[in-house]
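Every read-out reported here was derived from the displayed coordinates using simple, explicitly stated rules and does not represent laboratory data. Small disclaimer: the values here were computed from a predicted structure and weren't measured. Ideal geometry is used to build each Cβ from the backbone, glycine not excepted, and the neighbour counts take in all protein chains shown.
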């Protein structure tokens, strides 16, 4: 079973740090718990402004909110209510955010369009599936391969970041990715200088999960 972070906001806030270190202006929002945001405010200081008029046009948008159902169950036991809730939160919601961003981007100057980026946060479940969480895996797969590949011609770059990791004993790199590992890749793929000709790619940040150790031979050589 894949290992997930307990809080999506942990990954979300961590993604801010590499960008701020490079001089970017960041806006962050929360749903129900403001406590994690206070650390960000203490680190960088609060700033008030009126959107684009004070901060300039939005060049990079990281869409990484989502839910992971706490209970695993076969699809035969999964209610339509749970299925729809996961789909709406993990797939429909990112679609709406991306759609509205692209609407505004279509009115922007060519210079802004040339440096615009959308980064979706995916999951290894979207590629390998997840027994007992078919709803979650379906949303991530649809986002990573259906939505991303369809949008790659509408914007310069779109790169889903892979957030999940596999059990440590079976991961080739023998380590669990930190939120900062993901954040660094988001900063890299969002840079028009370092990744200016990359579009519609799924960036695997999974510690080599594609080379997973299915069975470890302990016999002496």
Practice item. Go through 182-189, 73-80 and give me the packing order, highest mean Cβ count within 10 Å leading. Key: 182-189, 73-80
**Study point:** Shape parameters for the range 72-133, alpha-carbon atoms, Rg then Dmax in Å
**Key:** 16.7, 51
Exercise for review: Sort 85, 65 so that the residue with the fewest other Cβ atoms within 10 Å of its own Cβ comes first and the one with the most comes last.
Suggested key: 85, 65
